[in-house]
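The values are calculated or read from the model by the stated rules, or taken from the named source; none is laboratory data. Please read these numbers as outputs of a predicted model, since none were measured by experiment. Every residue, glycine as well, gets a Cβ built from its backbone with ideal geometry; the counts of neighbours run over all protein chains shown. Note: areas computed on protein heavy atoms with side chains; ligands, DNA, RNA excluded. Shrake-Rupley method; radii C 1.70, N 1.55, O 1.52, S 1.80 Å.
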Amino acid sequence: MADLRTREGHALRVAIVGGGVIGLSCALELRDAGHDVTVLARDELGDTTSARAGAVWFPFRSAPADRVLAWGARTFERFEALAADPATGVRMQRGRVLHRSPAPDLWWTVAVPSVTTIDDPAELPDGVLSASECTVPVIDMSYYLPWLQAQCDARGVQTRRTEISALEEAFEHGELVVLAAGLTSNDFAADADLVPVRGQTVRLKNPGYFEWTIDDANPDGLTYVIPRRDEIVCGGTDEEGEWGLDLDPAVEAGVLERVRALIPELREAPITSRAVGLRPGRREVRVETIPDAQGRPVIHCYGHGGSGVTLSWGCAEAVAALTAQL
Ligand SMILES: Cc1cc2nc3c(=O)[nH]c(=O)nc-3n(C[C@H](O)[C@H](O)[C@H](O)COP(=O)(O)OP(=O)(O)OC[C@H]3O[C@@H](n4cnc5c(N)ncnc54)[C@H](O)[C@@H]3O)c2cc1C
């Protein structure tokens, strides 16, 4: 692997604030580049936003398009390789993005090796004019996050379950700080652009159904179906500026109605669990070095919106590249 230490070739002590999919991916990438890495994370893995993601490879509510496509394409390749090992929880899975307008915006397909257009009405649900069918990574976060954590542990990344209240505390653990605290990054960066985008899901027992579906132009509300190994994640909502973490039974009823209309095979599947998460929404994903008031380097890596998993490895590589410029 390329030497991505610093310009002078030094290994650094790096403190990463955040142990979600972004913090842990950055930790592995920086560790593999030869740095001494400590992750400072407040929440258990299962309590992060990352654990609530579907999660399918699909750029949703993230910009700018050129960087998102580049990070997304790299992440696609990394996940494709990880899918060879079932322990990762990553699978390459066929599915469809449904289109309800005659001229859908297919910008994201640039990062996908092969996409087929389905336009035979007999193969499409009512109201759907066409679909993009492709095979992309589907990441079962209930396996993937523990796998990422185990990789960090095995490679010597230190993890401390602790809440940081100021970046000063993070500098006690490293001479470089990576800020990867998702929506909470705002507490340290005072970033007016960072906003919650609330997402509610309901999970069904998986009856052996593995195709994913995204119907983000459904007139009755955002709809997606993402099979995990044991459950099927059904969503959803994307309410910008909403901080509420309480489950809304009316939202759930709407999601179930839309999902069952699209996929009759799921009509009888019982509910197994429910979740609400706050996506870290931002006008643009932030991956940049901004020195603190004392001139110490802080690499900001947050604001991934609905694409944190989709962009994770590409952004982690970008963070390692920024470190190499220090
Ligand atoms: C319903 C839903 C569905 C989604 N589906 C998808 C999908 O299909 N595909 C996709 O790519 N993305 C999806 N996303 C988006 C994805 O979940 C996020 O973009 C991603 O999880 C962001 O990761 P993160 O590591 O930045 O943040 P988080 O997962 O929120 O992690 C933040 C970390 O920072 C730590 N932290 C916070 N504050 C502090 C502090 N003060 N001190 C120490 N540690 C702190 C937390 O404990 C945690 O470890 C979905 C999101 C939701 C809500």
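Tabulated values for the structure
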item: Neighbours by Cβ (under 9 Å, 6+ apart or cross-chain): first from segment 240-252, on the phi > 0 side of the Ramachandran plot; second part of a strand (DSSP E or B) and surrounded by 12 or more Cβ atoms within 10 Å (Cβ to Cβ); result: 241/195; 241/196; 241/197; 241/198; 241/281
item: Candidate set: segment 173-187, residues that are within 13 Å of the ligand (Cβ to nearest atom) and open to solvent by 20 Å² or more (accessible area, probe 1.4 Å); chosen: the one nearest to residue 38 (Cα to Cα); result: 173
item: Residue in segment 191-201 that is more than 11 Å from the ligand (Cβ to nearest atom), on the phi < 0 side of the Ramachandran plot, surrounded by fewer than 13 Cβ atoms within 10 Å (Cβ to Cβ) and free of Cβ contacts under 8 Å to residues at least 60 places away in the same chain present; result: yes
item: Filter result for the condition that a residue is surrounded by 15 or more Cβ atoms within 10 Å (Cβ to Cβ), free of Cβ contacts under 8 Å to residues at least 40 places away in the same chain and over 18 Å from residue 63 (Cβ atoms), over 221, 235; result: 221
item: Any chance residue 267 is more than 11 Å from the ligand (Cβ to nearest atom), loosely packed, with under 15 Cβ neighbours inside 10 Å, basic (Lys, Arg) and in contact (Cβ under 8 Å) with a residue 60 or more places away in the chain; result: no
item: Flag if residue 190 is over 20 Å from the mean Cα position of the chain (by Cα), small (Gly, Ala, Ser) and at pLDDT 95 or above; result: no
item: Number of the condition not met by residue 247 [criteria: (1) in a loop (DSSP other than H, G, I, E, B); (2) within 11 Å of the ligand (Cβ to nearest atom)]; result: (2)
item: Qualifying residue in segment 223-244 (condition: hydrophobic (A, V, I, L, M, F, W, C), within 13 Å of the ligand (Cβ to nearest atom), touching a Lys or Arg at 6+ places or on another chain (Cβ under 8 Å) and outside any strand (DSSP E or B)); result: yes
item: Residue 79 within 15 Å of the ligand (Cβ to nearest atom), among the aromatic types (Phe, Trp, Tyr), part of a loop (DSSP other than H, G, I, E, B) and modelled with pLDDT of 95 or more; result: no
item: Any hit, segment 149-163, residues being more than 20 Å from residue 287 (Cβ to Cβ), polar (S, T, N, Q), touching a residue at least 60 places away in the same chain (Cβ under 8 Å) and buried (at least 23 other Cβ atoms within 10 Å of the Cβ); result: no
item: The listed residue being surrounded by fewer than 18 Cβ atoms within 10 Å (Cβ to Cβ) and aliphatic (A, V, I, L, M), out of 256, 262, 311, 278; result: 256
item: Residue count, segment 12-63 (criterion: outside any loop (DSSP other than H, G, I, E, B), over 20 Å from residue 285 (Cα atoms), near the ligand (Cβ under 6 Å from one of its atoms) and open to solvent by 20 Å² or more (accessible area, probe 1.4 Å)); result: 0
item: Residues being open to solvent by 30 Å² or more (accessible area, probe 1.4 Å), touching a helix residue (DSSP H, G or I) at 6+ places or on another chain (Cβ under 7 Å) and within 29 Å of residue 64 (Cβ to Cβ) - total across segment 93-142; result: 3
item: Pair list, Cβ < 6 Å and 6+ apart or interchain, from segment 169-180 residues that are under 19 Å from residue 10 (Cβ atoms) to residues that are part of a loop (DSSP other than H, G, I, E, B) and away from the ligand (no atom under 11 Å from the Cβ); result: 175/12; 176/12; 176/297
item: Cβ-Cβ under 6 Å pairs, at least 6 apart or on other chains, segment 298-312 side aromatic (Phe, Trp, Tyr), far side more than 6 Å from the ligand (Cβ to nearest atom); result: 302/185; 302/286
